[in-house]
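No lab work stands behind these numbers, since they all come straight from the coordinates. No experiment lies behind these values; they were computed from the predicted model shown. Every residue, glycine as well, gets a Cβ built from its backbone with ideal geometry; the counts of neighbours run over all protein chains shown.
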Amino acid sequence: MPDRITQCLDFNRTDDPAVEGTPKARRMFHRQRAILSLIHEAGGTISHFSVTKWAFLLREECPSRGGSAFYQFLPYKYGPFSFCLFQEASALARDGLLRDQDQKWSLTRNGLVAARKVQPKVHDDVRRIVRAHARKSRNALIDYVYERHPWYTVNSEIRQLETRPKAKVAVYTAGYEGLLVDGFLDGLLRAGIRCLIDVRNNPISRRYGFHKTTLCRLCGKIGIEYIHFPQIGIESKDRKDLDRVGVRDALFDEYARTTLRTETESIKAVARLVRSVPSALMCMEAHPCDCHRSRLAKPVATRARLPIRHLELQP
């Protein structure tokens, strides 16, 4: 079955093909054009640090919020950060739209062409952000962002204006559908989750950040433990035609009759984890009723003698 997060974010692509002459023809995201526009308005070359903070302010303090499906942010070493932004900037550099040197991004000729195709409302907000902050020193920009958005200081190596929460132990569940990886991880941090228990049988995704290897690495960077239990997932070959009436419920009933009865040791191990540290059972679907984790949570909760809490993470 196609990854539904791919489907729900495809609207963010532009209708125009990649700039002619780039090494690899592809379509661009509106959010990528917004980043190119920020660099253009700043004179064509700007530091990674400034672009990151300006993009954050574009999302948080402007009417357009950077456009549809713009980058999401989480608290990191120097305040708000987006792993997705840096991953896509690397792709833009490979495609010949940016040059990346000495912790700065510079527009190429093709990048300038793409920057000029940014959505008009986003462009107005980009100009507003650059005019307001381009002359600020690094420290002044940090002070501005930290004082107005203190949540994003909880992992800061500079200063922390808020304390990272820690949830009471329970059987939490979470789905990443509709979120970029930064928004998903930010939601876990806000909920006080300290351990992510991946219950996908095959933990891959066409969306950056949700492949097992990458997700484990990113969790480690922000202080969330990552553990994978593939044996209590549902194999991809069985996850077909789930939108047909009755198919999903039948699959979950079969899952309860088979996997949940045979994988008792795995369920015990998960129960021990959730009793020891605030943990979330993680899969793809946003709504727990659409996901096998809702069935899995019940025997885990019974074994752990804890309530079930389904997290509703918002972009």
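From the Cα gyration tensor of segment 31-130, with a ≥ b ≥ c the square roots of its eigenvalues, which class applies: rounded if a/c is under 1.5, or else prolate if a/b is larger than b/c, or else oblate? Mind showing how you got there, number by number?
Working: a/c = 1.57, a/b = 1.09, b/c = 1.44.
Oblate, because a/c is 1.5 or more while a/b does not exceed b/c.
Just the projected area, averaged over all directions, of the convex hull on the alpha carbon atoms of segment 171-310: how many nm²?
Convex hull of Cα atoms, orientation-averaged projection: 7.8 nm².
Can you put W105, W151 in order, fewest other beta carbons within 10 Å first?
By the 10 Å Cβ count, ascending: W151, W105.
To one decimal place, what Kirkwood hydrodynamic radius in Å is obtained for segment 144-195 from all pairs of distinct Cα atoms? The partial results should precede the final answer.
On the way: mean 1/r = 0.0811 Å⁻¹.
After inverting the mean inverse Cα-Cα distance, the result is 12.3 Å.
For segment 171-310, what relative contact order do you get, as a whole percent, if you take Cα pairs closer than 8 Å and at least 6 residues apart?
Numbers: 201 pairs, mean separation 56.8, N = 140.
Relative contact order here is 41 percent.
Under the rule of -39500 (n - 2.57) per DSSP H run of 4 or more residues, summed and divided by the residues of the chain, what mean residue ellipticity at 222 nm is obtained, to the nearest 500 deg cm²/dmol? Mind dumping the intermediate values first?
Details: 13 runs with 137 residues, N = 315.
Rounded to the nearest 500, it is -13000 deg cm²/dmol.
Give me the orientation-averaged projected area of the Cα convex hull of the chain, in nm², one decimal.
Approximately 16.8 nm², given one-decimal rounding.
log₁₀ I(q)/I(0) of segment 44-89 at q = 0.15, 0.22 Å⁻¹, via Debye over equal Cα point scatterers, no solvent, to two decimals?
Those come out to -0.35, -0.76, one per q.
Mind checking which lysines have their C-alpha under 23 Å from K168, skipping anything on the same chain fewer than 8 residues away?
By straight Cα distance, K168 reaches K221, K268, K298.
Go through segment 128-171 and name the GluC sites (Glu not before Pro) that are in a DSSP coil and have 14 or fewer other Cβ atoms within 10 Å of their Cβ. Don't jump to the answer; show the numbers that get you there.
Details: sites: E147, E157, E162; in loops: E157, E162.
For GluC sites (Glu not before Pro) across segment 128-171 that sit outside H, G, I, E and B with at most 14 neighbouring Cβ atoms in 10 Å, the list reads E157, E162.
Which GluC sites (Glu not before Pro) in segment 260-303 sit in a loop by DSSP (not H, G, I, E or B) and have at most 14 other Cβ atoms within 10 Å of their own Cβ?
Here no GluC sites (Glu not before Pro) fit, given the DSSP loop and packing criteria.
Pick out, in residue order, every one of the trypsin sites (Lys or Arg not before Pro) in segment 209-240 that is DSSP loop and has at most 13 other C-beta atoms within 10 Å; say none if there are none.
Here the trypsin sites (Lys or Arg not before Pro) that fit, given the DSSP loop and packing criteria, are K240.
Compute the whole-percent fraction of alpha carbon pairs in segment 56-210 spaced more than 19 Å apart.
Within segment 56-210, distances greater than 19 Å cover 65 percent of Cα pairs.
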